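One structure is given below, encoded as structure tokens.
Laboratory data are not the source of any read-out in this text; all were calculated from the coordinates shown. Only a predicted model underlies this, so the values are computations on that prediction, with no experimental measurement involved. Cβ atoms come from the backbone with ideal geometry, glycine included; neighbour counts cover every protein chain shown.
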Amino acid sequence: MLDEIVNTKQREVAEAKARLPLEDLKARVANYLAERSFRRALTRPGSIALIAELKRKSPSKGMLRERFDPISLAQQLQAAGASALSVLTDEFYFGGHLEFLRDVKQFTDVPVLRKDFIVDPYQIYEAAFYQADAALLIVRILTQEALIACLQAADTVGIEPLVEVHSAEELRMALSVGAHVIGINHRDLQTFQIDPTLAEQLVPKIPAGKLIVAESGIQTAQDVQRLKQLGVHAVLIGEALMTAADPAAKVKQLFETEVRGQRSENS
């Protein structure tokens, strides 16, 4: 499935370049500089931050949320305490759209991440055009040369790269190119299987000073607290929120231990 998604994405990028060449796209974002700091928003000493994901469907689980209003959902999740928002922009497999980025950005106050299968620096400039503050880069689908090119494009427009890994080897590559924000995805993108122990294996290998984000398979308040205790700084949660009848209430449930702990410290 991953190979199919990547092939589809490469075709989409080629079609986008035919409609709007790279140099023309660069000209359109020449004055863009992401104004909301993704890294700063996730830096919350003593607590763990939430990146709440807006995702309508997925290849592994099918439709997650029939009634999908990205602006309303984004506002609810921000009000519930999300430090940043992740917006799926892949249309074919995830029911997303690039326009959702701009819509969410305009009606919220927190940083917005473009979540997609980025295979070309062109997509970073696209993210800037639609006002993203951050973009996901998946090491598994990028050569080192392509990863560096995407990082350079992100630096040009001030977008923060969230560099995602699923193994020690991928982590070494992320660190070798100077990634500052490391995402540990518990889900194997080839098999869709979740390895809940992956953060335990990889966090100790990440040098101090990096910001660590855990992704996938986070369903309970106990999951959140376990990751916090491991040294994770933020969690990216989508499925558990999108399948909840009340996503804002689900956020409060997932972070209830966190809130209780902060009350105890302040009492």
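Using a cut-off of under 16 Å, list every residue of region 201-240 whose amide N is near the label point 7 Å from the Cα of residue 175 along the Cα-to-beta-carbon line.
201-213, 231-232
Between (i) 157; (ii) 143; (iii) 120, which matches volume of the Cα convex hull per residue in Å³ calculated for the structure shown?
(iii)
Between beta-carbons, use under 11 Å as the cut-off and find the net charge around residue 90, counting Lys and Arg +1, Asp and Glu -1.
On the way: positive: 9, 55, 56, 57, 114, 115; negative: 12, 91, 116.
Taking every Cβ under 11 Å from that of residue 90, the sum is +3.
Suppose R0 equals 35 Å; then what is the FRET efficiency for residue 246 and residue 201 from their Cβ-Cβ distance, rounded to the nearest 0.05? Intermediate results must be reported in sequence, preceding the final value.
Working: r = 34 Å, r/R0 = 0.98.
Step by step, r from the Cβ atoms, then E = 0.55.
Within region 84-118, list the residues whose amide N lies under 14 Å from a label point set 7 Å along Cα→Cβ of residue 35.
105-112
Could I have the simple spin-label model distance between residue 167 and residue 220, label points 7 Å from Cα toward Cβ, reported in nm to one decimal?
Each label point is offset 7 Å from its Cα along the Cβ direction, giving 3.0 nm.
Students often forget the sequence filter, so: which lysines lie under 21 Å Cα-Cα from residue 17 once same-chain residues fewer than 8 apart are removed?
Straight-line reach from residue 17, under 21 Å: 9, 26, 115.
When ranked by the protection proxy of mean other Cβ atoms within 10 Å per residue, highest first, what sequence do the peptides 112-119, 27-34 form?
Packing order, densest peptide first, comes out as 112-119, 27-34.
Relative contact order, percent, of region 144-267 when contacts are C-alpha pairs under 8 Å separated by at least 6 residues? List each step's numbers first, then the result.
Numbers: 145 pairs, mean separation 21.7, N = 124.
Answer for region 144-267 is 18 percent.
Taking the Cα-to-Cβ direction at residue 71 and at residue 193 and moving 7 Å from each Cα, how far apart do the two end points lie in nm?
If labels sit at residue 71 and residue 193, their model points lie 4.4 nm apart.
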